[in-house]
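Enquirer: For reference, the structure I am asking about is given below.
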Amino acid sequence: MPTVTVESLVPAAMGADADTAFSAICDVERFADQTDEVRSVTVTARQDGTQDSEWAVTFRNGILCWSERERIDHSARTITFRQLDGDFERFDGEWAVVEFGPDTIVTFTAHFDLGMPSLAAIIDPIAEEALRASIQAILRGLLGEELVFLDTASYPAASDAERPS
């Protein structure tokens, strides 16, 4: 199953501390304003640290649609999400925002299965790159062009003990 990790360093000089970055990421309805690939995001319910949202995203010559539940932990600055219904066989992951000295690190990790095993070798790499590019565009739009994307190819998912915490 493919996993996409996008990690970015938000320099303190950009003026977005960890709390500011986390607040921006919590506002998922703004994601569609940051990249053409995200056609729409609509929050459909909010209650006690969770929100449900509906998504429409351009992928190749079509549109992927799904609904997801996001669990928002403001004190830990994490958002975990999982698909409730939609075009993926599986789609879940996490956003994490941590202080790193005076800077901030924002990490997005997603696991997905498009449910097409016979085409996985062809479609999965395309989906991985499309998701990575969209997340990078969203982060640039929300947090600024000066953020730095870190190389995540050399380690597994965001829970790796060697990563900053």
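The values are calculated or read from the model by the stated rules, or taken from the named source; none is laboratory data. It should be emphasised that the depicted structure is a prediction, and the values quoted were computed from it without experimental measurement. Areas reflect the complete protein model, heavy atoms only, side chains present, ligands, DNA and RNA absent. Shrake-Rupley method; radii C 1.70, N 1.55, O 1.52, S 1.80 Å.
Enquirer: Give the carbon-plus-sulfur fraction of the accessible surface of the chain in %, rounded to a whole number; probe 1.4 Å, heavy atoms of protein chains only.
Expert: Working: 4070 of 8600 Å².
Summing carbon and sulfur atoms, their accessible area is 47 percent of the total for the chain.
Enquirer: Which angle from 0 to 90°, rounded to the nearest 10, does the C-alpha axis of helix 120-143 make with the longest principal axis of the chain?
Expert: With both axes taken from Cα atoms, the answer is about 40 degrees.
Enquirer: Compute the separation of the alpha-carbon centres of the range 28-63 and the range 74-103 and state it in Å as a whole number.
Expert: So the separation of the two Cα centres works out to 14 Å.
Enquirer: On to the next question. Accessible area per residue of the chain at 1.4 Å probe, in Å²? List each step's numbers first, then the result.
Expert: Working: 8600 Å² over 165 residues.
I get 52 Å² per residue for this part.
Enquirer: Moving to a separate point now. Over 5 Å intervals from 0, what percent of Cα-Cα pairs in the range 1-103 sits in each interval?
Expert: 2, 11, 19, 24, 20, 13, 7, 3, 0
Enquirer: Right, here's the next one. Output the Cα-based Rg and Dmax of the range 18-165 in Å, rounding Rg to one decimal and Dmax to a whole number.
Expert: Every Cα atom of the range 18-165 included, Rg and Dmax give 15.2, 47 Å.
Enquirer: Which value, in nm² and rounded to one decimal, describes the direction-averaged projected area of the C-alpha convex hull of the range 68-144? Don't skip to the answer; put the middle values down first.
Expert: Numbers: hull surface 24.1 nm².
Directional mean of the projected Cα hull area for the range 68-144 stands at 6.0 nm².
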